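The values are calculated or read from the model by the stated rules, or taken from the named source; none is laboratory data. Everything quoted here is computed from the prediction, not taken from an experiment. Here Cβ is always computed from backbone atoms with ideal geometry, including for glycine, and neighbour counts include all displayed protein chains. Each accessible area value is taken on the protein alone, full model and side chains, heavy atoms only, with ligands, DNA and RNA left out. Shrake-Rupley method; radii C 1.70, N 1.55, O 1.52, S 1.80 Å.
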Amino acid sequence: MAMIASSIVSAETPVESLDSGLVNPGYAEKPDWFANSFLDIREDLAEAATAGKRVLLYFYQDGCPYCKKLLDTNFSLQETEEKTRKHYDVVAINLWGDREVTDFDGSETTEKEFAKSLRVMFTPTLLFLNEQGDVTLRVNGYYPPHKFNAALDYGINHDGSAPTFREYLATVSPAVAKGVLHQDPAWLPVTSVLNKRSGKPLLVLFEQKECAPCDELHLDILKRPESREQLDRFDVILLDMWSKDPVKRPDGKTSSVAQWAKELNVQYAPSLVFFDAQGAEVFRTEAYLKSFHVQSSMDYVASAAYLEQPSFQRFISARAEALEAQGVHVDLME
């Protein structure tokens, strides 16, 4: 067990210096859906196999900025979280930890000695295991979302030999996020006082730079005439959900954008959070939606239909029927 063949170990090494905007974060909270493991690896493998999953060992250390980026940036994308939860039991192991681990052979050791035995030398390191406990893919360091999702797909069905991950990645060519926030000059500046506005309802777009669904939202969905017509009914502001910059909120308080997003329990990018003219949240949509759903969410709030129709799905159905009756064809998946 715990095969570490050189042919399946990533040749990539992590960047020694931090990317722009990264700082030592201290302790980073793990997602509550990570496996509640007693660190008996054989038991973890058996439980995962029974559930039709594989085990993903996640080696971390407190104060690791790329660990925090993995948890915050990658797992704030709904597709990434859902794929990981569906196909893997993620077992978190502290590179320097002293908790007891029962390894692949049933021997008792500690987290740090277990990491050492697997040649884990930096964080994050992720070891994808098959049902027998063999390492089928080793990810040394941080992968951006498009490449991390490809690694998840590879680890679901492959054994690390043929094709190798490098060969697999070349065939799938995952879309790379643009790495920017798509600001619009027609929208409110980030310095706006959000409790003193025009009287329109407020739409807050919580996003992040590495976010392919955010790119699609701005480069396609929000550019459509039907979307622009709905956007004109709102005061709109686009915020980086991880920003430490201050924001003057609709409730009159001032905090960092990140703190406000945390208080609102914003978990995915993009999230569209709607507030009424008085500054109370009235509706939100999270993660990936097609154009008609995005347009309907704006209409739902701007028309105040939410006050009389509490079911958004019924509102969508009625709206689609009304448009079809007017000769406007509606494709819910376009």
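So Leu71 passes all but one of these: (1) of a type in the set (A, V, I, L, M); (2) modelled with pLDDT under 85; (3) out of contact with any Pro (no Cβ under 6 Å at 6 or more places or on another chain). Which condition number does it fail?
That leaves (2) as the condition not met.
Name the residues in the stretch 293-322 that are among the polar types (S, T, N, Q) and open to solvent by less than 20 Å² (accessible area, probe 1.4 Å), would you?
Gln295, Ser296, Ser297
Can you tell me which residue in the stretch 261-282 is surrounded by the most Cβ atoms within 10 Å (Cβ to Cβ), limited to those that are of a type in the set (Phe, Trp, Tyr) and over 23 Å from Ala177 (Cβ atoms)?
Phe275
Does at least one position in the stretch 309-332 carry a residue that is under 24 Å from Glu207 (Cα atoms) and of a type in the set (D, E, K, R)?
no
Inspect the stretch 238-252 for any residue being polar (S, T, N, Q), touching a Ser or Thr at 6+ places or on another chain (Cβ under 9 Å) and either more than 24 Å from Asp72 (Cα to Cα) or in a strand (DSSP E or B) (or both) and give the result as yes or no.
no
Name every residue in the stretch 236-257 that is among the hydrophobic types (A, V, I, L, M, F, W, C) and open to solvent by 20 Å² or more (accessible area, probe 1.4 Å), in order of residue number.
The answer is Trp242, and nothing else.
Cβ-Cβ below 7 Å, separation at least six or inter-chain, first residue in the stretch 290-301 and more than 15 Å from Leu217 (Cβ to Cβ), second among the basic types (Lys, Arg) and open to solvent by 20 Å² or more (accessible area, probe 1.4 Å): which pairs?
Correct list of pairs: Asp299/Arg319.
For residues that are assigned to a loop (DSSP other than H, G, I, E, B) and touching a Phe, Trp or Tyr at 6+ places or on another chain (Cβ under 7 Å), scanning just the stretch 186-214, find the one that is farthest from Pro145 (Cα to Cα).
So, considering only residues that are assigned to a loop (DSSP other than H, G, I, E, B) and touching a Phe, Trp or Tyr at 6+ places or on another chain (Cβ under 7 Å), the one farthest from Pro145 (Cα to Cα) is Lys200.
In the list Leu22, Leu45, Leu118, Leu57, which residue meets the criterion of being in contact with a Pro (Cβ under 6 Å, 6 or more places away or on another chain) and either aliphatic (A, V, I, L, M) or modelled with pLDDT of 95 or more (or both)?
Leu22
Identify the residue in the stretch 30-83 that is closer than 16 Å to Pro145 by Cα and surrounded by fewer than 16 Cβ atoms within 10 Å (Cβ to Cβ) and, among all such residues, is nearest to the chain's Cα centre (by Cα).
Glu79
Does Glu286 meet the test of being at pLDDT 95 or above, open to solvent by 10 Å² or more (accessible area, probe 1.4 Å) and among the acidic types (Asp, Glu)?
It is false that Glu286 is at pLDDT 95 or above, open to solvent by 10 Å² or more (accessible area, probe 1.4 Å) and among the acidic types (Asp, Glu).
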